[in-house]
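Here is the structure we will look at.
The values are calculated or read from the model by the stated rules, or taken from the named source; none is laboratory data. Everything numeric here is computed off the predicted structure, so don't read it as measured data. Neighbour counts are summed over all protein chains in view; Cβ atoms, including those assigned to glycine, are modelled from backbone coordinates with ideal geometry. What goes into the accessible areas is simple: the full protein's heavy atoms, side chains included, and nothing from ligands, DNA or RNA. Shrake-Rupley method; radii C 1.70, N 1.55, O 1.52, S 1.80 Å.
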Amino acid sequence: MRFLPALTRFAALGVAAVVGAAALTACGDDTSAAAENPYGLVQPGVLRAGTLTDAPPNVYLKDGKFTGFDNDLLTAVAEKIGLRVEFVGTDFSALLSQVNNRKFDVGSSSITITEARKKTVDFGNGYDFGYFGLDVPAGSPITGFDQLAGKRVVVVQGTVQDDYATGQKLDPVRVPDYNGALNQLKAGTADAWIAPAEIGEKSAADSGGKITVAAKQLSPTPTAYAVAKGNDALRAALDKGLDEVIADGTWSRLQEQYYPGRPVPADFKPGSGSVPVPGASAAAPAGSAAPSPSASS
């Protein structure tokens, strides 16, 4: 049996020690990184949220600050789980893919849960309900959603209104944002706009009598925050924070602030559904129209 010279043996032992130490350090770094960033955020401690700038009262930019019901609620939820929110404006048509690609940690834009969207992102528990609105030029003979066949109907691309119009085989005209849809009506290049109801109502009110709301109907599913597929830790944390802001009255306060007097449908339970909702408005039947309905995308 041949033995290595002493110096060579010492050198080999030294290399082995360095490799072992490096491996331990790497394991330690991984453990430390996971502890510092348990939700896999773009930046530890900061919840980077993709949102819109032009959809009041849900999500919008005011005096340089992102606000609205959805965004204010998300800020309160994030605080419960020890995170600070950083909002970034984007187009709705790109939002879900940007969330799943981890450009954003979460999507905040009154996103209605649909089976198709579940293929791209995961959703937390529902935090709001919404209505569709049907905006038409003043004097239009259109008075309901059942009169849209053969009409030129505009929708914002990728929204649940787009899904609805496509499902009704309306062959809608798709635009990237709400201002684009409104401009189609103003220019007379569209017969109707299927809009989130609150946005449609505000647009009609601001049009100087040129646009009216012909009809409204309740959206069949709730809105929720979107996270990347498989980010169960963040989704669970947001659900926990949401239940906490429901329990402490923040959800009810924001509802009254942004949708004063709007009754909550009797069968809608925000969050996990197991938390009492203090100060909620008197319930209304789920199928009935209500004043000041919320927007949903």
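Just by accessible area at a 1.4 angstrom probe, what is the order of R235, R174, R84 from largest to smallest?
Working: R235 70, R174 110, R84 135 Å².
Accessible-area ranking of R235, R174, R84, largest first: R84, R174, R235.
Write out the GluC sites (Glu not before Pro) in segment 43-150 meeting two conditions: DSSP loop, and at most 12 other Cβ atoms within 10 Å of their Cβ.
Values: sites: E79, E86, E115; in loops: E115.
Here the sparse-neighbourhood loop sites are E115.
Summarise the long-distance tail of P(r) for segment 174-263 by giving the % of C-alpha pairs beyond 21 Å. Mind showing how you got there, number by number?
Details: 2129 of 4005 pairs.
I get 53 percent for the Cα pairs in segment 174-263 exceeding 21 Å.
Around T159, with a cut-off of 12 angstrom between Cβ atoms, what is the net charge of the other residues, counting Lys and Arg +1 and Asp and Glu -1?
Net of charged neighbours comes to -2.
Once label points are set 7 Å from the Cα along Cα→Cβ at both K103 and R174, what is their separation, rounded to one decimal in nm?
1.6
Output the antiparallel fraction of DSSP beta bridges having both residues in segment 118-206, as a percent to the nearest 5. Numbers along the way, then the final one.
On the way: 4 of 9 bridges.
Close to 45 percent.
Just to verify a number: what accessible area does K229 come out at with the full protein assembly present, 1.4 Å probe, Å² rounded to tens?
Solvent-accessible area, nearest 10 Å²: 90 Å².
Dipole magnitude of segment 209-256 about its Cα centre, charges +1 at Lys/Arg Cβ and -1 at Asp/Glu Cβ only, in debye to the nearest 20? Provide the component values of the computation, followed by the final result.
Details: 6 positive and 6 negative charges, 78 e Å.
Value, rounded to 20: 380 debye.
For segment 156-263, which GluC sites (Glu not before Pro) pass both filters: DSSP loop (anything but H, G, I, E, B) and at most 14 other C-beta atoms within 10 Å? Don't skip to the end; give the middle numbers.
Details: sites: E198, E201, E244, E256; in loops: none.
Counting only loop positions with at most 14 other Cβ atoms within 10 Å, none of the GluC sites (Glu not before Pro) in segment 156-263 qualifies.
Among K151, K65, what's the order by accessible area (1.4 angstrom probe), most exposed first? Walk me through the numbers before you get to the answer.
Numbers: K151 85, K65 130 Å².
Descending order: K65, K151.
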